[in-house]
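Chemist: Dropping a structure here in structure tokens format, bear with me for questions.
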Amino acid sequence: KVLGEVIRATDYDAADPAAWLNPPYNTTDIKAFMTKCKRFAATGNTVTALIPAVICTKWFLDNVSEVADIYPMFPRISFIGMDQGIDRDLCIAHYSPTSTGALKPPIYWKKELEK
């Protein structure tokens, strides 16, 4: 489902059972965002988010590790309007009632686009 308006992910409070959310990439806001994702998923909802793969940060350890399935993304993604790729590795965090916190096989997104 595509929302008709742009809203801050940290303000999203959906009645829908599933959501794709792009987080804020600053340290302060991503902690709140990931805490909300974990809580939303704990009520039986599904959340998928493209997030920095910074596995040694407190917000990642508290809200992603052992909770969401993690899919590393290769190669680094270049976003529209940016000359360079984002300066860190990214992953997909997938929270669902069946998620085990497993590290899943990498997603080679560029190969998929070239098919």
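The values are calculated or read from the model by the stated rules, or taken from the named source; none is laboratory data. Just so you know, these numbers come straight off a predicted model, no measurement behind them. So basically every Cβ, Gly included, is an ideal-geometry build from the backbone, and we count neighbours across all protein chains shown. Each accessible area value is taken on the protein alone, full model and side chains, heavy atoms only, with ligands, DNA and RNA left out. Shrake-Rupley method; radii C 1.70, N 1.55, O 1.52, S 1.80 Å.
Chemist: So residue 49 fits all but one of (1) touching a Pro at 6+ places or on another chain (Cβ under 8 Å); (2) open to solvent by 40 Å² or more (accessible area, probe 1.4 Å); what number is the exception?
Modeler: So residue 49 meets the others, but not (2).
Chemist: Name every residue in region 75-108 that is over 15 Å from the mean Cα position of the chain (by Cα) and at pLDDT 80 or above, in order of residue number. Explain how you work it out, then say what you get.
Modeler: First, pick out the residues of region 75-108 that are over 15 Å from the mean Cα position of the chain (by Cα): 75, 78-85, 87, 97-98, 100, 105, 108.
Within region 75-108, 75, 97, 98, 100, 105, 108 meet the criteria.
Chemist: Name, by its number, the condition in (1) closer than 24 Å to residue 109 by Cα; (2) surrounded by 11 or more Cβ atoms within 10 Å (Cβ to Cβ); (3) at pLDDT below 85 that does not hold for residue 12.
Modeler: That leaves (1) as the condition not met.
Chemist: Which of the residues belonging to region 55-76 are among the charged types (D, E, K, R) and open to solvent by less than 60 Å² (accessible area, probe 1.4 Å)? Give the derivation first.
Modeler: Start the filter on region 55-76 by keeping residues that are among the charged types (D, E, K, R), which leaves 58, 62, 66, 69, 76.
Matches in region 55-76: 69 only.
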